[in-house]
Amino acid sequence: MSGDVIAVRGAAVAYGGRPVLTGVDLQVRGGEVVAVLGANGSGKSTLIRAILGLVPLAAGEVDLFGTPRRRFRQWWRVGYVPQRLGAGSGVPATVREVVSAGRLARRGLLRPARAADRRAVDAALDSVGLADRAADPVGTLSGGQQQRTLIARALAGEPELLVLDEPTAGVDAASQEAFAGALARFVGHGGTVLLVAHELGPLEPLISRAIVVHQGAIVHDGAVPRPAGHHAEPGHDHVHPHAPSGHETMWGAP
Amino acid sequence: MPGRGGMSLFGYDFMVRALVGALVVGVTAPTLGIYLVQRRLSLIGDGIGHIALTGVGLGLLLHTSPVVTAVIVAALGAAAVELVRERGRASGDVALALLFYGGLAGGVVLVELSDESSSANLMSYLFGSLLSTSREDLVAIAVLSVAVLAVTLLGRPWLFAVCHDEEYARVSGLPVRALNLVLAMGTAVTVTVAMRAVGLLLVSALMVVPVATAQQVTRGFRTTMHAAMAIGLAAAGGGVWLSAQSDTSPGATIVLVAIALFIGVVLAAALGRRLRGGTRVAPAGPEPTEVVLDSVDR
């Protein structure tokens with residue numbers, strides 16, 4: 001578990017000329033669990049999308065497992081969990097069918113599924129507690145269960161690195177616990193995690209390092225910041241408007 | 001020929017060829033259409049059909065096989081649509097409209113300029129001419145259909161992944177652009193194959209309606225695909241038989257039978273839920289039945 005799993009140097013991203021990220025440097029080493037924190041619109045989701053190549057870099061470089069991302073081909077080593085299910089849900093699909101798609105990175109093109117592929121899908125379903133829902137259409141699941149389906153899909157490929165985009169946003173408590181358990185097992189087996197979060201909830205004990213993104217730049221890299229002000233109150237209902245306005249202090253002074 | 005009724009109808013060679021052609025198209029078209037429906041691009045097949053008419057006109061004008069030129073032009077059109085879809089958002093919608101209606105209008109003018117211009121000829125491409133299916137037509141339909149089925153059935157896990165969540169497919173290292181182009185080519189070939197059976201204006205119905213029917217009662221993608229194939233087969237067979245009984249156009253009759261099956265299944269499913277006590281779990285996503293009418297801009 002040595003060497004950088006993710007290395008970002010001087011990364012910049014712009015949407016239509018408007019800078020979203022500027023001069024971002026970030027290293028994630030094997031076995032680390034790194035949380036990317038920040039307010040809505042801070043650029044934290046853009047950061048992980050840029051790392052995965054889903055948005056183009058305006059400047060800078062990204063290495064995955066020591067290889068420049070442009071030449072990186074070992075995508076089975078990466079498991080990606082998006083914020084929500086994609087738009088392609090015009091036709092019903094079972095939980096198992098969605099999770100099986102996560103196995104394709106390892107399976108290779110046009111190779112039939114083997115017993116090992118089916119076992120990996122079973123194990124992934126088990127680890128998020130959805131084995132009994134495998135034959136149900138994903139459209140009938142709750143938001144939290146859908147999120148667990150996406151995590152199982154990433155786990156089915158038996159990745160070494162998990163990249164998660166707000167995995168617990170709007171997720172019920174039971175699903176959050178199931179998710180934290182699955183993540184703890186993944187980390188226990190030596191996995192590396194980079195996750196974007198709005199709030200950490202039951203994940204907090206797992207986090208080894210936190211970075212805070214503010215206005216497109218990293219303003220904190222180290223221990224998880226304590227919530228400040230009314231955010232620290234017990235029973236605080238963590239709701240934010242979609243437009244970023246006046247939440248600069250939500251993570252306290254960096 | 002019509003009005004004789006019963007099985008004796010299929011004693012005629014042309015009726016047998018019509019039936020076989022319709023059945024092959026009926027079972028093939030939904031296997032491709034299911035990916036379009038999954039992407040909420042149900043009407044793309046219709047647009048590719050419009051573009052294919054320019055290929056037909058070109059073939060007639062140049063005295064070559066209109067089927068070959070239709071495949072080529074439809075494939076180019078499908079590739080253009082894929083390019084628009086890949087990069088575009090709002091403006092892409094207008095680009096598609098220009099492409100589709102330009103293709104249809106261009107086709108009509110080219111057919112008129114050719115030696116074989118007649119409204120009957122044009123109608124046969126727009127609405128199908130199943131009863132004039134020759135032995136060679138049948139061979140072409142069978143070969144192209146097998147090619148489409150090979151792609152849609154054997155490539156299902158990968159095509160499913162790329163249609164279900166394209167970004168995830170990209171991060172999985174799947175060849176997303178190649179898979180999208182395969183799908184676009186498959187759409188072009190399916191449209192051309194189905195041209196003989198139901199005509200370019202009704203092609204999309206055969207790709208989409210059986211899928212929409214199947215997903216009223218199915219729970220997974222694979223089962224939806226298989227059920228849609230069976231429904232496509234039933235609509236094609238029933239449509240040919242009914243058209244012979246009632247002396248109506250086979251293509252339009254096939255489509256009407258498919259729509260009748262859709263309505264029947266919707267009603268039966270609603271009745272079934274009622275009888276079971278009406279404790280249906282509301283789907284978390286948008287209403288599945290809206291898929292057929294979805295606009296082309298995803």
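The values are calculated or read from the model by the stated rules, or taken from the named source; none is laboratory data. No experiment lies behind these values; they were computed from the predicted model shown. Quick reminder, even Gly has a Cβ in these numbers, built from the backbone with ideal geometry, and neighbours come from all protein chains shown.
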Quiz prompt | Matching option when the condition is free of Cβ contacts under 8 Å to residues at least 40 places away in the same chain, away from chain B (no Cβ under 14 Å), closer than 19 Å to A:Gly102 by Cβ and over 16 Å from the mean Cα position of the chain (by Cα), among A:Arg119, A:Arg133 | solution = A:Arg119
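Given the residues B:Ser145, B:Ser118, B:Ser134, which is the only one that is more than 14 Å from chain A (Cβ to nearest Cβ) and crowded, with 20+ Cβ neighbours inside 10 Å?
B:Ser145
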Quiz item: Of the residues that sit in region B:148-161 and are within 20 Å of the chain's Cα centre (by Cα) and within 11 Å of chain A (Cβ to nearest Cβ), which one is nearest to B:Ala18 (Cα to Cα)?
Solution: B:Ala150
Quiz item: What about B:Ala105, is it away from every other protein chain (no Cβ under 14 Å), over 28 Å from B:Ala147 (Cα atoms) and either in a loop (DSSP other than H, G, I, E, B) or under 22 Å from the mean Cα position of the chain (by Cα) (or both)?
Solution: yes
Practice problem: Name every residue in region A:152-169 that is in a helix (DSSP H, G or I), more than 16 Å from B:Glu167 (Cβ to Cβ) and in contact with a strand residue (DSSP E or B) (Cβ under 9 Å, 6 or more places away or on another chain), in order of residue number. | Solution: A:Leu155, A:Ala156
Quiz item: farther than 29 Å from A:Leu85 by Cα and surrounded by fewer than 24 Cβ atoms within 10 Å (Cβ to Cβ), is that true of B:Ile51?
Solution: no
Quiz prompt | Subset of region A:163-181 [hydrophobic (A, V, I, L, M, F, W, C), buried (at least 21 other Cβ atoms within 10 Å of the Cβ) and under 13 Å from the mean Cα position of the chain (by Cα)] | solution = A:Val163, A:Leu164, A:Phe179
Exercise. Would you check which residues across region B:148-165 are touching a Lys or Arg at 6+ places or on another chain (Cβ under 9 Å) and free of Cβ contacts under 8 Å to residues at least 12 places away in the same chain and list them?
Key: B:Pro157, B:Asp165
Quiz prompt | In region A:170-194, the residues that are touching a strand residue (DSSP E or B) at 6+ places or on another chain (Cβ under 8 Å) and either within 18 Å of A:Ala210 (Cα to Cα) or touching a residue at least 60 places away in the same chain (Cβ under 8 Å) (or both) | solution = A:Leu183, A:Val187, A:Gly191, A:Thr192, A:Val193, A:Leu194
Quiz prompt | Criterion: modelled with pLDDT of 90 or more and surrounded by fewer than 21 Cβ atoms within 10 Å (Cβ to Cβ) - qualifying residue of A:Gly143, A:Gly157, A:Gly229, A:Gly188 | solution = A:Gly188
Quiz item: B:Ala194 passes all but one of (1) modelled with pLDDT of 95 or more; (2) closer than 16 Å to B:Gly45 by Cβ; (3) surrounded by 24 or more Cβ atoms within 10 Å (Cβ to Cβ); which number fails?
Solution: (1)
Quiz prompt | Candidate set from region B:170-229 (those that are assigned to a loop (DSSP other than H, G, I, E, B) and more than 9 Å from chain A (Cβ to nearest Cβ)); member that is farthest from B:Pro66 (Cα to Cα) | solution = B:Val217
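To keep it simple, each residue is scored yes or no on (1) farther than 21 Å from A:Leu47 by Cβ; (2) within 14 Å of another protein chain (Cβ to nearest Cβ).
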site: A:Gln147; (1), (2): no, yes
site: A:Ile151; (1), (2): no, yes
site: A:Leu162; (1), (2): no, yes
site: A:Glu166; (1), (2): no, no
site: A:Asp172; (1), (2): yes, yes
site: A:Gly181; (1), (2): yes, no
site: A:Ala184; (1), (2): yes, no
Quiz item: Which ones in region B:42-74 are touching a residue at least 24 places away in the same chain (Cβ under 8 Å) and part of a loop (DSSP other than H, G, I, E, B)?
Solution: B:Ser42, B:Leu43, B:His63
